[in-house]
Every structure is written in structure tokens, then in C-alpha cells.
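The values are calculated or read from the model by the stated rules, or taken from the named source; none is laboratory data. Model, not experiment: these values are computed from the prediction. Cβ coordinates were reconstructed from backbone atoms using ideal geometry, including for glycine residues, and neighbour counts include every protein chain displayed.
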Amino acid sequence: MNQTSNTAVIGSKQKRIAPKTTTASLGPADTYVETDSTGGAFTVTMPLSYECPQGQTYRIKHITDGGDVTIAYKTGDNGPASQVITVAGGYVDLVPSPGQWAVTAAKLS
């Protein structure tokens with residue numbers, strides 16, 4: 001990830017990343033998401049796990065201090081308790097499997 005230009009290399013493709021700055025629901029293609037809570041705390045909701053490529057790692061990365069970012073799950077998915085990222089540079093890595101999300105790595109505070 002090149003943070004100065006907000007681009008990420010995903011597979012062999014480079015993709016422009018626009019940080020989420022307010023409450024958002026993610027889609028299956030949102031495998032790497034940066035969050036900027038300069039304007040205050042908000043929630044990012046993961047897509048339904050069965051809509052996502054099984055085994056694909058999804059990373060939510062917090063790039064600023066300003067407020068907490070909560071990772072939530074849609075009704076119908078069994079997931080861990082909501083994750084709350086409280087520090088810049090914090091992240092949560094999640095992997096879907098049918099009907100649930102699993103946290104595979106995290107730096108929350």
C-alpha cells in the first residue's frame with residue numbers, strides 16, 4: 001500500500017483507494033478498505049459472508065486518529081463480536097466461510 005497516493009496493489013492490479021469517512025456497508029469486492037475517522041466515530045458493516053469468495057482475506061485498516069471504527073456484521077451471519085479499531089494503523093483481517101466471518105489477525109489498539 002502506498003499511503004501517499006492512496007493506491008493498493010491487489011493481486012497484479014493497482015487500485016485507487018478512497019478511505020471510508022462515514023458509516024458504510026461493504027460489498028463482496030471491498031477486500032481492502034481504509035477508514036478515516038477524522039470527522040468522528042462510525043461503523044463499517046461487512047457484506048454477507050456467503051456473497052464473498054470463500055477463503056478471501058478482507059482487511060479493514062484505520063489510517064487516522066479521530067474516533068473509533070466499529071466492524072459489524074449483517075443479520076444472518078455468525079461472526080465474532082463487533083471489532084472496534086481505536087488507533088491509527090490498526091486493522092482487522094477477516095475471512096468468510098458459509099454463514100460466518102472469522103478474524104484471522106487484528107491490531108485494535
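Here are the numbers for this structure:
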read-out: Hey, Pro47 more than 20 Å from Val95 (Cα to Cα), surrounded by 13 or more Cβ atoms within 10 Å (Cβ to Cβ) and either aliphatic (A, V, I, L, M) or modelled with pLDDT of 90 or more (or both) or not; value: no
read-out: Scan of the range 50-63 for residues that are more than 11 Å from the chain's Cα centre (by Cα), of a type outside the set (Asp, Glu) and surrounded by fewer than 17 Cβ atoms within 10 Å (Cβ to Cβ), ordered by number; value: Tyr50, Pro53, Gln54, Gly55, Gln56
read-out: Which numbered condition Ile10 fails, given (1) farther than 16 Å from Leu108 by Cβ; (2) out of contact with any Leu (no Cβ under 7 Å at 6 or more places or on another chain); (3) modelled with pLDDT of 90 or more; (4) among the β-branched types (Val, Ile, Thr); value: (3)
read-out: Qualifying residues in the range 70-86 (those that are assigned to a strand (DSSP E or B) and free of Cβ contacts under 8 Å to residues at least 40 places away in the same chain) - the one surrounded by the fewest Cβ atoms within 10 Å (Cβ to Cβ); value: Asn78
